[in-house]
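Engineer: Sharing a structure with you now.
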Amino acid sequence: MNESLRKNDDYRQCTLEVYLLPRMDWADVLQLQHRFAYEIGDDPGKRAALIIVEHPAIVTVGRQGSHAHFRIDETELSDREIEVRWTNRGGGCWLHGPGSIAVYPIVPIRLNSLGLTGYREAIELALRRTLAEFLPTGDGRLDERGLTVGGRPIGGLGIAVKNNVAYHGGWINASLAPKWFDWLQVEPQNQKPMTSIARERRTPIRPDGVREAIVRNVVDVLGFGNFFLANAPQPSHRTRQPTHARI
Amino acid sequence: MHESKSVPKPLSVEIVAPELGLETGERLVVSSWLVRHGETVVVGDRLLEVLADRITFDIPSPATGTLVRILAEIDEPILPGQVLGTISAADSDPDL
């Protein structure tokens with residue numbers, strides 16, 4: 001991936017609604033993404049959304065993820081009260097929890113302009129630029145390619161496109177506790193354990209600062225003409241018991 | 001003389017892999033058929049899903065009818081423009 005994205009004007013006339021949500025269940029946020037994707041599909045070129053959120057403990061498995069990427073068995077997963085959900089996005093296993101920031105752009109895609117490759121590269125570039133703002137420049141700096149530090153994943157990508165609208169997106173590990181790192185292979189081709197911004201900096205990190213940088217970089221890389229912070233949507237009518245992880 | 005009543009002829013509509021704006025040489029595979037052989041679909045329904053590097057794309061049904069032929073299996077590499085299957089669609093009746 002090049003650090004400079006191929007030139008496009010796909011989003012110059014488009015307004016990005018930004019939702020900085022409090023911690024929310026993954027399933028509720030997925031429902032919200034479907035709703036936005038449906039609405040945006042009816043009005044392509046004018047509207048897009050970006051949800052930034054943390055979830056209670058859950059592993060989501062994309063199309064390139066597998067049971068083989070779990071290094072603990074189902075009993076232990078159950079003992080730790082970690083839900084596992086299989087999803088239709090690309091990418092491998094994502095571990096969500098406090099300090100892991102999920103990034104869900106819901107964006108119409110022009111296949112004959114930016115295309116799938118250009119869109120994927122844009123989201124990766126936005127996450128890379130965000131990480132580079134927080135990581136050291138010596139040891140612990142971002143690798144030349146991808147979302148890794150010293151080969152260890154610190155972010156990931158996994159996108160789905162329906163009716164030419166992209167949803168899902170990616171994640172950045174700001175400060176998830178290191179004891180989470182070793183039992184899940186998050187990238188299909190990379191067996192190294194995860195890392196986090198806090199681990200690489202050796203100092204605590206304020207997730208709000210990372211959220212702000214994600215918004216700025218997504219707006220800049222995709223070239224949105226406008227963006228605004230939107231009010232959190234009404235809560236879902238679904239009733240779910242909160243998930244409490246014992247890690 | 002008997003007046004012959006026209007019987008709707010089934011039409012075959014090909015399901016074609018779209019141009020997705022992928023980098024030249026980027027691998028694209030079928031990741032899931034969302035409709036089984038013999039099942040009916042409505043135009044625009046999600047029909048199958050294809051997967052490039054960390055991104056899935058839903059291909060909608062090009063016609064209303066029955067999925068009668070699957071030409072690309074799961075994990076099989078495909079190319080834009082390739083025929084992936086066939087929908088058998090009945091002639092639409094203008095009186096309906």
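Engineer: So which strands (runs of 3 or more DSSP E) are wholly in segment B:23-96 and hold at least 3 residues that are open to solvent by 70 Å² or more (accessible area, probe 1.4 Å) and in contact with an Asp or Glu (Cβ under 7 Å, 6 or more places away or on another chain)?
Structural biologist: So the answer is none; nothing clears 3.
Engineer: Across segment A:15-40, what is the number of residues that are surrounded by 14 or more Cβ atoms within 10 Å (Cβ to Cβ) and among the basic types (K, R)?
Structural biologist: Of the residues in that region, 1 qualify.
For every residue, the table says whether it meets (1) within 19 Å of B:T56 (Cα to Cα); (2) free of Cβ contacts under 8 Å to residues at least 60 places away in the same chain.
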{"site": "A:R12", "(1), (2)": "no, no"}
{"site": "A:Q33", "(1), (2)": "yes, no"}
{"site": "A:A37", "(1), (2)": "yes, no"}
{"site": "A:H55", "(1), (2)": "no, yes"}
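Engineer: Still on this structure: Could you look through segment A:1-45, keep only residues that are among the charged types (D, E, K, R) and modelled with pLDDT of 90 or more, and pick out the one that is nearest to B:E26 (Cα to Cα)?
Structural biologist: Checked segment A:1-45; the qualifying residue nearest to B:E26 (Cα to Cα) is A:R12.
Engineer: Consider A:R71 carefully, then state whether it is more than 18 Å from A:Y104 (Cα to Cα) and basic (K, R).
Structural biologist: yes
Engineer: Here are A:G45, A:G90: which of them is assigned to a loop (DSSP other than H, G, I, E, B) and in contact with a helix residue (DSSP H, G or I) (Cβ under 9 Å, 6 or more places away or on another chain)?
Structural biologist: Of A:G45, A:G90, the one residue that is assigned to a loop (DSSP other than H, G, I, E, B) and in contact with a helix residue (DSSP H, G or I) (Cβ under 9 Å, 6 or more places away or on another chain) is A:G90.
Engineer: Does A:R47 satisfy being surrounded by 14 or more Cβ atoms within 10 Å (Cβ to Cβ), farther than 25 Å from A:P207 by Cβ and touching a Cys at 6+ places or on another chain (Cβ under 7 Å)?
Structural biologist: Working: surrounded by 14 or more Cβ atoms within 10 Å (Cβ to Cβ): yes; farther than 25 Å from A:P207 by Cβ: yes; touching a Cys at 6+ places or on another chain (Cβ under 7 Å): yes.
Considered against the rule, which asks whether it is surrounded by 14 or more Cβ atoms within 10 Å (Cβ to Cβ), farther than 25 Å from A:P207 by Cβ and touching a Cys at 6+ places or on another chain (Cβ under 7 Å), A:R47 comes out as yes.
Engineer: Could you check how many residues of segment B:35-68 are out of contact with any helix residue (DSSP H, G or I) (no Cβ under 9 Å at 6 or more places or on another chain) and either more than 9 Å from chain A (Cβ to nearest Cβ) or among the aromatic types (F, W, Y) (or both)?
Structural biologist: The number of residues fulfilling the criteria is 22.
Engineer: For A:N112, state whether it is within 14 Å of chain B (Cβ to nearest Cβ) and without any contact (Cβ under 8 Å) to a residue 40 or more places away in the chain.
Structural biologist: Numbers: within 14 Å of chain B (Cβ to nearest Cβ): yes; without any contact (Cβ under 8 Å) to a residue 40 or more places away in the chain: yes.
Considered against the rule, which asks whether it is within 14 Å of chain B (Cβ to nearest Cβ) and without any contact (Cβ under 8 Å) to a residue 40 or more places away in the chain, A:N112 comes out as yes.
Engineer: Inspect all residues belonging to segment B:34-43 and state whether any of them is more than 30 Å from A:P105 (Cα to Cα), among the charged types (D, E, K, R) and at pLDDT 95 or above.
Structural biologist: There is at least one residue in segment B:34-43 that is more than 30 Å from A:P105 (Cα to Cα), among the charged types (D, E, K, R) and at pLDDT 95 or above.
Engineer: Being surrounded by fewer than 16 Cβ atoms within 10 Å (Cβ to Cβ) and β-branched (V, I, T) is the filter here; which residues of segment A:116-155 pass it?
Structural biologist: Once the filter is applied, which keeps residues that are surrounded by fewer than 16 Cβ atoms within 10 Å (Cβ to Cβ) and β-branched (V, I, T), segment A:116-155 yields only A:T137.
Engineer: Okay, moving on. Taking only pairs six or more apart or across chains, which ones have beta-carbon atoms under 6 Å, a first residue in segment A:212-225 that is buried (at least 22 other Cβ atoms within 10 Å of the Cβ), and a second residue that is part of a loop (DSSP other than H, G, I, E, B)?
Structural biologist: These pairs meet every condition: A:L222/A:Y11.
Engineer: For segment A:50-99, which residues satisfy the criterion of being open to solvent by 10 Å² or more (accessible area, probe 1.4 Å), under 19 Å from A:Q189 (Cα atoms) and more than 14 Å from chain B (Cβ to nearest Cβ)?
Structural biologist: A:H67, A:A68, A:H69, A:F70, A:R71, A:I72
The values are calculated or read from the model by the stated rules, or taken from the named source; none is laboratory data. From a predicted model like this one, the values you see are computed outputs, not experimental measurements. A quick note on method: Cβ atoms are made from the backbone with ideal geometry, for glycine too, and the neighbour counts reach across all protein chains shown. With ligands, DNA and RNA removed, areas are computed over all heavy atoms of the protein, side chains included. Shrake-Rupley method; radii C 1.70, N 1.55, O 1.52, S 1.80 Å.
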